[in-house]
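None of the figures in this text is laboratory data; all of them are computed from the coordinates on show. Predicted model only: the values in this text are computed from it and were never measured. All Cβ positions, glycine included, derive from the backbone under ideal geometry; neighbour counts span all protein chains shown.
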Amino acid sequence: MQAVHIGSAERRGVELVADLLAKVEKAIVRCVRRADQQVNDHHFNGKSPSRELCQQVKVGERTTWAVYLGLFKHEQAWPCLREALEALVPGRYLLHPRFQLNARTGKWEYLNENEVSQIVTQEGWSGLRGTIEPDIILLDENGVVVHVYDLKFPCPKTNVANWEWYREGSGKEGSQGELYKRALGVTPKLVSPQEGVVPKMK
C-alpha cells in the first residue's frame with residue numbers, strides 16, 4: 001500500500017525534474033481537453049453548451065447541466081490520466097486521493113481506499129464530511145506530496161476556472177485552493193480545457 005506524507009523538509013526527496021514535470025502537465029491538459037471534447041461530442045454533437053443550458057436543471061437529475069457535465073468529464077478523464085501518469089511517473093501519483101484532519105494532532109493525514117471504504121460502511125458518506133479530495137497529487141521519491149492539481153470544466157466554456165468558495169467547519173470562509181495549500185503544504189494548480197494549467201492561485 002502506497003505511503004503518502006505531507007510536508008516536512010526532512011522527509012522530502014528529489015523533486016520531479018523540470019522537463020518531466022512539463023511532460024506530466026502537458027499530459028494532464030491533454031486528458032482534460034480530450035474528456036471535455038468527448039462529453040461535448042456525446043451530448044451536443046461537439047458543440048459547447050450555452051450559458052442558459054448550463055444553468056438549467058438536467059431532466060432526470062437533481063443537478064444543473066453545469067454540475068452534471070463537470071462530474072461526467074471528470075469520470076471521462078480518469079482512464080486517460082491513469083495511463084499517462086503511469087507511463088511518466090509510475091508509483092508517484094494518486095488520482096482523487098482523500099485527506100482528513102486528525103483532530104488529536106491537528107495535522108492532515110492521507111486516507112487510503114480501505115480506510116475510506118471503512119468510514120463509508122460505518123458512517124455513510126456523511127462520515128467523510130470535512131475531508132478534502134484533490135483530483136491529482138504527485139509525490140517525490142519518499143512519498144511526500146509535491147504537486148497538487150484540481151480539474152475544472154467551466155460551463156459555459158467562456159467562464160474562467162475558479163476555486164470553489166465555502167465556509168469551513170470552523171466558520172472560516174476560504175477557497176478550495178487555500179485549504180489545499182494549508183492542508184498539503186504546496187500551492188495547488190487549476191487545470192481546465194481552455195486555460196490549461198493555471199500556475200498561480202486565483
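How large is the dipole of the chain about the Cα centre if only Lys and Arg carry +1 and Asp and Glu carry -1, each at its Cβ, rounded to the nearest 20 debye? Mind showing how you got there, number by number?
Working: 27 positive and 25 negative charges, 101 e Å.
So the dipole magnitude of the chain works out to roughly 480 debye.
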| Among the aspartates and glutamates, which fall within straight-line cross-link reach of Lys26, defined as a Cα-Cα distance under 15 Å, with same-chain neighbours fewer than 8 residues apart omitted? | Glu83, Glu86, Asp150, Glu195
| task | Can you find, among Val146, Leu111, Gln100, the residue farthest towards the positive end of the dipole of the range 81-154? Put +1 on the C-beta of Lys and Arg, -1 on that of Asp and Glu. | result | Gln100
| message | So the label point goes 7 Å from the Cα of Asp41 along Cα→C-beta, right? Which residues of the range 71-109 then have their backbone N under 20 Å from it? | response | 71-84
| Percentage of interatomic Cα-Cα distances in the chain larger than 32 Å | 18 percent
| task | Any chance you could give the angle, 0 to 90 degrees and rounded to 10, that helix 65-88 forms with the longest Cα principal axis of the chain? | result | 50 degrees
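Mind running the shape call on the range 83-154? Use the C-alpha gyration tensor, a ≥ b ≥ c as the square roots of the eigenvalues: rounded below 1.5 for a/c, prolate if a/b tops b/c, oblate otherwise.
Values: a/c = 1.87, a/b = 1.57, b/c = 1.19.
Note, shape of the range 83-154 comes out prolate.
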| remark: Rounded to the nearest 0.05, FRET efficiency between Val120 and Arg62 (Cβ-Cβ, R0 25 Å) equals 0.80
| message | Over 10 Å intervals from 0, what percent of Cα-Cα pairs in the range 85-125 sits in each interval? | response | 25, 41, 26, 8
| Who wins for biggest fluctuation among Ile28, Ile132, Ile119 in a Gaussian network model of the chain, springs between alpha carbons below 10 Å? | Ile119
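For the chain, what does the helix formula give at 222 nm: sum of -39500 (n - 2.57) over DSSP H segments with n ≥ 4, over the residue count, nearest 500 deg cm²/dmol?
Values: 5 runs with 76 residues, N = 202.
Helix-only estimate at 222 nm: -12500 deg cm²/dmol.
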| task | Quick one: among Pro49, Pro154, Pro188, which has the greatest mean-square fluctuation in a GNM of the chain with alpha-carbon springs under 10 angstrom? | result | Pro49
| Max mean-square fluctuation residue, GNM over the chain, Cα-Cα springs under 10 Å, options Leu16, Leu71, Leu81 | Leu71
| query | Quick one: helix 113-123 against the long Cα principal axis of the chain, what's the angle to the nearest 10°, folded into 0 to 90? | reply | 80 degrees
| Close Lys-Lys pairs in the range 67-177, where close means Cα under 24 Å and separation is 8 or more or interchain | 4
| note | In degrees, nearest 10, the alpha-carbon axis of helix 18-44 is tilted away from the dominant principal axis of the alpha carbons of the chain by 30 degrees
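Taking a ≥ b ≥ c as the square roots of the Cα gyration tensor eigenvalues, with a/c under 1.5 meaning rounded and otherwise prolate when a/b beats b/c, else oblate, which class fits the range 40-111?
Working: a/c = 4.07, a/b = 1.55, b/c = 2.63.
Oblate is the answer for the range 40-111, as a/c is 1.5 or above yet b/c matches or exceeds a/b.
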| Nitroxide proxy distance, nm - points 7 Å out along Cα→Cβ at Arg82 and Glu52 | 4.0 nm
| request: Give me the number: length gained by fully extending Val160 to Lys200, i.e. 0.36 nm times residue separation minus the C-alpha to C-alpha distance, one decimal in nm. | output: 13.1 nm
